[in-house]
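To start, the structure under review is shown below, and the notes come after it.
Each reported figure results from applying straightforward, stated rules to the coordinates on display, with no laboratory input. Quantities reported herein were computed from a predicted structural model and do not represent experimental measurements. As a convention, Cβ positions derive from the backbone with ideal geometry for all residues, glycine included, and neighbour counts pool all protein chains shown.
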């Protein structure tokens, strides 16, 4: 049972909070009365998102720096008295075959996608344990469950994130804390749309053909996942209603993994 005082709002940190999916999550959590820290490498973008959400505040953080991760959680607890929800949403991508994959890009993807969630979770759990309630949601991917060529680092990091989440769920469950991974297929974000444009240009084909042949060929629903749909799932997982869901990798993949 939660020991959170009814007199205070719950507090969340959302990394990558200025992006399309992150900002949708920020707004979804705020709609439930949660105080949200919009954490992003782009401090100006985080400030713009927070300015549109009355219960949100911005924070500039470089997730490749361990001390920055620790500072983010420490500052949140000092400012609000606790952290109740951690959404590890930030991530980066690089596409190349293994034999050409730059080692610095491999290290950066592992650091931001896997190591930073570990450091942030480690820092956040004591506050959650003290209050007897907490929610950790890690942003996976369809490529946390299936692999893809030319995405070795991303697939490795996201697969590792699922395993890490499951381990946290087992440890944190007795303290009233849940941990889950959300695994979307391609979402309608500027990053994905730029990939469509780049592939269309390099392959000399129409963007619609890239979408059908590359992005959506494996899905039952021939469309992209919308950021607001991902945010709705995250919002549910952060609610009291989802208290029995932990250690899960929940797909929102338009039927990709039904094959």
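List of remarks:
- Counting only alpha carbon atoms, the long axis of helix 190-203 and the longest principal axis of the chain meet at about 10°.
- When shorter helices are ignored and each DSSP H run of at least 4 residues is given -39500 (n - 2.57), the per-residue value for the chain at 222 nm works out to -13000 deg cm²/dmol.
- FRET efficiency for the pair residue 217 and residue 167, taken as 1/(1 + (r/R0)^6) with r the Cβ-Cβ distance and R0 = 30 Å, rounds to 0.35.
- Against the empirical 2.2 N^0.38 Å (N residues), segment 136-259 has a Cα radius of gyration ratio of 1.17.
- Zone residues, segment 228-245, relative to residue 48, backbone N less than 20 Å from point 7 Å out along Cα-to-Cβ: 228
- Once the chain from residue 258 to residue 203 is taken as fully extended at 0.36 nm per residue, the excess over their C-alpha distance is 16.9 nm.
- FRET efficiency, 1/(1 + (r/R0)^6) with R0 30 Å, evaluated for residue 148 and residue 64 via beta carbons: 0.80
- Degrees between helix 152-172 axis and first principal axis of the chain (Cα, 0 to 90, nearest 10): 20 degrees
- Degrees between helix 116-131 axis and first principal axis of the chain (Cα, 0 to 90, nearest 10): 30 degrees
- 20 Å reach of a label modelled at residue 74, 7 Å along Cα-to-Cβ, counting backbone N of segment 111-144: 115-130
- Inter-label distance, residue 99 to residue 129: 4.8 nm, where each label sits 7 Å from its Cα along the C-beta direction.
- Of interest is the spacing of the C-alpha centroids, which for segment 183-207 and segment 30-70 amounts to 27 Å.
- If you wrap the Cα atoms of segment 69-148 in a convex hull and average its projected area over all directions, you get 6.1 nm².
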